Structures are given as C-alpha cells and as structure tokens.
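Trainee: Sharing a structure with you now.
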C-alpha cells in the first residue's frame, strides 16, 4: 500500500490513547466530565456497530443470514452500545451542564479516543457515496471489500475489543477511591461497563463460532482513505524507496481508473489509447519479470528455505507469460483501428507512467525512459534489496503493478466489447484475404474481432495468474501488499477471468499458443519459424474445436463457435474479406456486481 | 535478407515522385518497419522496449498514411518482403540501424510533402506520419560502436 494513513493507524492511535488514560479524576464535576467523555467514545462505537449491522453498500443478491452468529452479534452489539450510551447520558440539568470547558486527565484522553475513532469511521465512509434518492453506492474499489461480511466481522471484532477496553477504564474509574460525592456517575459507569462487556462477550461468542482470519484483520487495517495521491512522474533523484512508492501509487491510481471504467460509463476508447496501454503493459510486465528474477537471486541469503525462492521464480515466469500475452495484444491492436469521434479524449498516460516507474526500478540509468533505446543496464540484485527488509517492499511494488494490469485488461476488454457491438472496429483493407474494398479500411471481420477479444482475455488471465503468484510471494515474505489478495477474495473478484465466456474464432486461439510461447522462450526470433509455430498452434486449436463439434463430444456451457460451421448460422452484413459480417460473437457480459444498498 | 528489404524501401521512398507516390512508398515503408520491428520483439534483447514501441509507432504511421486522401488505391505490391514475414533475420542492432536509415528517408520526404500538399487531409497525414517516423528513428538510434 502507499504510505498514506490507513484505518489501522486510527485503531492504533485510539488504543494508544486509551492505554495512556490519565489519573482518576478527583470527583464531582471531574467524574461527570470523564463519564461524558467515555459516553462520546461509546456513541462512536455505536455508530460503527450500526454501520456494520446495516451493511451499507452491500451487494444485492448476497444472502444475509439473519440467524448467523455474526449477524446476531452485530445487531446485539448495536443494541448494547446504545444502552451503554443511554446509561451515561446525564439528566438535563443546569447544574451538570456547565458548558464547554477544557477537560483534563482521563476525560481528555477519552475525548481524544472519540475523535480518532470518529475520524477512522469517516475514513471508511469516504469509500461510499449516495445517489440523489439516498441509495448508498460504492465510490472506490475498496468499498466492495468493506461491505463484505468477512471485513464487517473484522470491524465488529475491533469494535468489541475497543468496547472491552472502554469497559475496563469505566470500571477503574467507578471503583477509584474518593468518590463518595458522585454516586450517580459511578453507578452509570458501572452499568455502562456491564453493557459493554455484554457486547464484547456476544462478539467473542461469534468469533468462537466463526473466527476472524488474521488476513481479514490485516485487510481492514490496510484500508486507506478514498483520496489518492496526485499523479507522480519519476525524477532522476528518486532512490529505490521512492521508486517503489511511486510504482505503488501509480498502480493504485490505474486500478481506481479501471474500477471506475468497469462500473460507470467511460469515455470512448481510442486506437491510440488501446495501443498505448498494450505497449505500456507489455513493458511493465517485462520489468516485473526482471525485478522478480533479481529478487529471487537476492532472496537466497535471506530466506534459506528454497520454497520462497522457487515461489518468486514462479512469479517471475508468470510475469513473463503476462508480458507475452500483452505483447500479443499489442500486435493484434496494430492490425485494427477504432472509429472514434474526433473529439475523443487523449489517453491519460498513467499506464505509461507505471512502465516508467518499474523501468526506473529495473535499470540503473536514473534518466531511463521508454524511448531510451538499447543502452541501459539492469540494476544488480543487491542494489534493489540491500537488506532483508527491502525484499517485502520490492515484492509489494511488483505485486501492485501486476495487480493493476489485471484490472486494466478487464476494463479494456469490456470497452472493446462495446466498441465491437457498436461496429466501431475496422481493419486495413489490405490486411484482408481479398482486399477488393475501395476504401483503405473495412469493417473488421468476425474472426478479427474474436481474435482481439481473445488476446485481451488471455492477457487478463495471464495478468491475473501473475498477480496471484506475486500475491503468494507477498504472503510468504510478509509484504504489505498481501491484503490485495484478501480484498479480491472478500469481494469475489478474484475469479473475474474465469467467468468470462470463451468465444473461439474459427481459426481461434489464445495468443500466444503453446508452441509459439515455447519458441519465444527459447529465444527464437525468426519470423519464419514463429509463423510456422503459429500455424501449428492454430492447427492444434482447429483439431480440438473439430473434436468438440463431434456429436458425442461433451460441451461446456460457453458459447463456442465451432469451426467450419455454416455461414448461415452467423448472419450479418458481408465485409471485405467475403466471409462473415462484422458481427460480434456471442460474448455475454461478464458477471458484474453492481453495488446497491442492501435492503 | 531483412535489411535488403528495408534498403529497397529506402530507395522507393527516395525515388518517389509526387504526393501519391510518396504516400504509397510511405505506406509500404511503415508496413515493412512494422514487420521488421515485430520480428525483433524478443524480451531477451536490450532493444525489446524499443522494438515494441517502434512497431506500434509504425502501425500508427501506416494508419495515418492510409487516411491520406491522395493515397492511390488499391495499393501496389510492397516489393520484396515489404509488410510480410521475413526469413531468418539479422541481429537486432543491424536491423535497428537499417530501420533508422529508412526513418530518415521517410521523415525527409513526408515533411516535404506536408509542406507542399494542397489538401489539409494530406498535410495532416504526412505531418503525423513524419512524427511517427521520427519516434521510430529515435528508438532505433543504435550506437555506431555496437
């Protein structure tokens, strides 16, 4: 995560202040002041409990089991905290409403706790918004995780822990000697303490029934505010720590854009923006591979167990596959164009920023740019991670970068699908088998559209696998970014690419195919040999599809178009290649979780 | 083999007379550069980022030329290997230098065409394509002692 404040900072601060509660008040008004300060803390905790019980922004269709121990605990926690606050509410009387005056000792500490906890709650609230009709909506990619039952449980556990600490403070104050003059506040404190203990006990019972995993607590603590740091560009003076931080911030910004694109209408994509992103993603995954290989080398002396090094090497290989798949996207995009309005916005360029940040981490040249040409050396492993503590931080940066590539592939896949439906994809007529067209560009044939969607899907899958592999490494070495995987698991977004239906072209194949990949991994650059590999890959795919089209073959549920099917089965307008129309293959929308308020 | 094709394109670009021929030779040259750059997109070479970016710039340059109103259509043949897959290629450094020389020829002719073309569409196309050629030329700036 980037170095901004996170929810865990507020929890830590609240606990620190509570532990530092000053001496017991002398009695009389001081005790009443302290009781009111404790009440303020209890009221804030009650607001947390209300949020948890109401589950703002929960996704529709998610089953709420009213009978579950956690649901009961959330409802009871709210009730008990409410009751505790009522016990501490003073009767309206001029004598005990002396107006605003500086609090002292324990009262001041508890006021501080209330302020910090309220600020923490507001930090969480920044991830939600509301529509004019009052419906709560998700504003950031963190909101689905915050609304998930797992994270709500973690939050309730934190609230219960804080409540039990408040109860202990209340008891201590109520039993302190020298209070004979203030029986009412002492009684109120005892009663409130009892309610707080009841609340904590209910949550404890739910925890025993279904424990809160440490990963969920870590995720809750890592949740930042919704505001992202401004866009940054690396300067020649950035050191390794600065480059890591810049990589993470840029990846977070790209993930946010991808999340918004996936959830709200986005400006039209352009040929330029697509090509730009594909190039940058190719280079980013390339840099991630190089960085992971360097870390693997550096890991040996610090992590003697061979498993960690093997895990990092696997992640590097996964990043290499992501690079190959993004390169296939880049190549495919060089053969299509999108018809876009002349006023279409220019790409924001932040994906290039990420390639630049990761490139500056990878290469020694402090002025390295994407256009630097061949003269650049990679950093030696010891320069990237001078101590064992640097390894998790470097892994975090790489993990964030790979994670945002997956999100980017998802957003662009959806936008490209929409462009295909709108008939906005064209190809150079010359690239078609029968280029009799009278214009330089012709509507893209179905096979080309299927190809481009296919390579995006492959890039998404490869990026997802690379992010998953990096996430495993992050967990093994204790990198802060491990919460990314927890967030995906909590929100059910880790299976995005497994849910995308598989449209298969007649000549369809996920680029690059296994033979082409092997050839490239062997270092083969000869176009002649690569073309043969591609042809063989396609022939293999054809064989599989022919086999799948056999009457006895069992089929999956995906809308697979078998090769050699009658053209009549794919109606639409003819195009320049004399084959099928530029009709989008049957690619149902991937399951989207549109956030709405839970009833 | 590949460089022979590139140098043939250099000759075509230099020999082009008149706007339609310049555009036609530029289109073929960008196709040739695209194919050559893609042939060297191998992550094992230090030129990998440069070839990735150069290939995309070549595609953008080709698209710009294709949109030029004065481009003759249908196109002529590309010549030896232009826009098609080559046989076994030369080292990346040799290819990069050959591409850089093709870019120089393209920049010169396209900028001149942009200055003299009567139509705004042709001028814009030539100017943009010259810009793409300059990008590729910068990316392919391989040191002489390599």
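Trainee: Has the stretch A:103-120 got any residue that is touching a helix residue (DSSP H, G or I) at 6+ places or on another chain (Cβ under 6 Å), at pLDDT below 85 and either surrounded by 22 or more Cβ atoms within 10 Å (Cβ to Cβ) or assigned to a helix (DSSP H, G or I) (or both)?
Mentor: Scanning the stretch A:103-120 turns up at least one residue that is touching a helix residue (DSSP H, G or I) at 6+ places or on another chain (Cβ under 6 Å), at pLDDT below 85 and either surrounded by 22 or more Cβ atoms within 10 Å (Cβ to Cβ) or assigned to a helix (DSSP H, G or I) (or both).
Trainee: May I pose another question? Here is a list: A:208, A:204, A:216. Which entry is touching a helix residue (DSSP H, G or I) at 6+ places or on another chain (Cβ under 6 Å), under 20 Å from residue A:70 (Cβ atoms) and assigned by TED's automatic domain parsing to the domain that holds residue A:125?
Mentor: A:216
Trainee: If you don't mind, there's one more thing I want to ask. Given the options A:173, A:189, name the one that is at pLDDT below 90, over 38 Å from the mean Cα position of the chain (by Cα), crowded, with 17+ Cβ neighbours inside 10 Å and under 19 Å from residue A:46 (Cα atoms).
Mentor: Exactly one residue qualifies, and that residue is A:189.
Trainee: Against the conditions (1) assigned by TED's automatic domain parsing to the domain that holds residue A:18; (2) surrounded by fewer than 24 Cβ atoms within 10 Å (Cβ to Cβ), where does residue A:230 fall short? Just the number, please.
Mentor: (1)
Trainee: With respect to residue B:70, determine if the residue is at pLDDT below 95 and within 13 Å of chain A (Cβ to nearest Cβ).
Mentor: yes
The values are calculated or read from the model by the stated rules, or taken from the named source; none is laboratory data. The shown structure was predicted, so the numbers you read here are calculated from the model rather than taken from an experiment. When we count neighbours, we look across all protein chains shown, and the Cβ atoms used for this are built from the backbone with ideal geometry, even at glycine.
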